[in-house]
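See structure below.
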Amino acid sequence: MKMRVFVAFFLTATNSFVPSTIYTRQCITSRPIQSIQSINQCSSKPLFMSSTEAVSTESTTTTEFPPILEELRDVAMKLHTREQSPREGKAEAPAKPKEPYVPTHANYLQFLVDSDAVYKVLEDIVNNNDELSMFRNTGIERTQQLEKDIDWMCTTYDLQRPDVGHAGSMYAKELKVMIKSSDDIPEFMCHYYNYYFAHLAGGRMIGKQMSKLLLDGETLEFYKVSGVVVILLISFNLHTYNIIY
């Protein structure tokens, strides 16, 4: 069973940027999925279906909705400036500082401490909620790695570990109260997905830049992930949750 699941996801992942080959599952019911077995109750539907097409199943017909990538792109472009996206950016560009910002070791350490606080809450929520058990021990947990990096920076650059900053503490607090019932799990999964994969994707490029600028080329444990297979497997789980909700 595990092998079939992995192969199915691997084929989906390798074609993830080919619209004609991507298919998702639209659940007959609007309730959040409680287990992977519930997939059997769903029917196939193209991810990039036109907004004019109705979503049909053998037993019922649900309401129409626009393709998710189109909706996400519209929202994303509202946050981009013309400088970032010349043709579609809609946000007003912030005033440029008189002098360019140059990060320090203390700034980077604060970032690591804030990130650690948020990851601890994410891991606590997953470990204490049985409905999220499939996301435990995936290999992408970051708190142990961050603690090593924080200790290393404090020792190497003679720094004192700072308290969690305002941004980190406020976001961690928001996550702690997010799940009150099973109905709140899809909302939490959006935060889970965005936070983990922002750091595992674009965040790794930022890490490389900071390494060159501040750490003499040292790669922090935070940016070391144990293999592509782990990312593919956790992506499959997230993919399943997001699609069926």
Exercise for the section: From Gln144, Gln110, grab the single residue that is under 18 Å from Gly207 (Cα atoms) and surrounded by fewer than 17 Cβ atoms within 10 Å (Cβ to Cβ). Expected result: Gln144
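So which residues in the stretch 126-173 are part of a helix (DSSP H, G or I), more than 22 Å from Asp216 (Cα to Cα) and touching a helix residue (DSSP H, G or I) at 6+ places or on another chain (Cβ under 7 Å)? Break it down into steps so the answer makes sense when it comes.
Going through the stretch 126-173, the residues part of a helix (DSSP H, G or I) turn out to be 126-127, 130-135, 143-156, 166-173.
Next cut, more than 22 Å from Asp216 (Cα to Cα) only: 126-127, 130-135, 143-144, 166-173.
Listed by number, the residues that qualify are Val126, Glu131, Leu132, Met134, Phe135, Thr143, Ala167, Gly168, Ser169, Tyr171, Ala172.
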Completion exercise
In the stretch 157-186, anything of a type in the set (Ser, Thr, Tyr) and over 16 Å from Tyr119 (Cβ atoms) is listed as Tyr157, Ser181, Ser182
Completion exercise
Counting only residues in the stretch 90-107 that are surrounded by 12 or more Cβ atoms within 10 Å (Cβ to Cβ) and among the hydrophobic types (A, V, I, L, M, F, W, C), the one farthest from Glu141 (Cα to Cα) is identified as Ala91
Practice task
Could you give me the residue pairs with C-beta distances under 8 Å whose first residue belongs to the stretch 197-214 and is touching a residue at least 60 places away in the same chain (Cβ under 8 Å), whose second residue is surrounded by 15 or more Cβ atoms within 10 Å (Cβ to Cβ) and not in a helix (DSSP H, G or I) wherever it lies, and which are 6+ apart or on separate chains?
Solution key: His199/Arg142; Leu200/Ile140; Leu200/Val225
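Going through the stretch 115-137 one residue at a time, which ones are hydroxyl-bearing (Ser, Thr, Tyr) and in contact with a Ser or Thr (Cβ under 7 Å, 6 or more places away or on another chain)? Lay out the reasoning, then the answer.
Of the residues in the stretch 115-137, the ones hydroxyl-bearing (Ser, Thr, Tyr) are 115, 119, 133.
Scanning the stretch 115-137 gives a single hit, Tyr119.
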Practice task
Could you run through the stretch 189-230 and say how many residues are over 24 Å from Ala172 (Cβ atoms), at pLDDT below 85 and in a helix (DSSP H, G or I)?
Solution key: 3
Exercise for the section: With the checklist (1) assigned to a loop (DSSP other than H, G, I, E, B); (2) closer than 21 Å to Asp130 by Cβ; (3) modelled with pLDDT of 95 or more in hand, flag the one item Met178 doesn't pass. Expected result: (3)
Practice task
Give the residues of the stretch 177-196 that are hydroxyl-bearing (Ser, Thr, Tyr) and touching a residue at least 60 places away in the same chain (Cβ under 8 Å), sorted by residue number.
Solution key: Ser182, Tyr192, Tyr195, Tyr196
Exercise for the section: Looking at (1) in the same structural domain as Gly165 (by TED's automatic domain parsing); (2) without any contact (Cβ under 8 Å) to a residue 12 or more places away in the chain, find the lone condition where Ala117 falls short. Expected result: (2)
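The values are calculated or read from the model by the stated rules, or taken from the named source; none is laboratory data. Bear in mind the structure is a predicted one, so any value in this text is a computation, not a measurement. In this analysis, Cβ positions are derived from the backbone assuming ideal geometry, glycine residues included, and neighbour counts consider all displayed protein chains.
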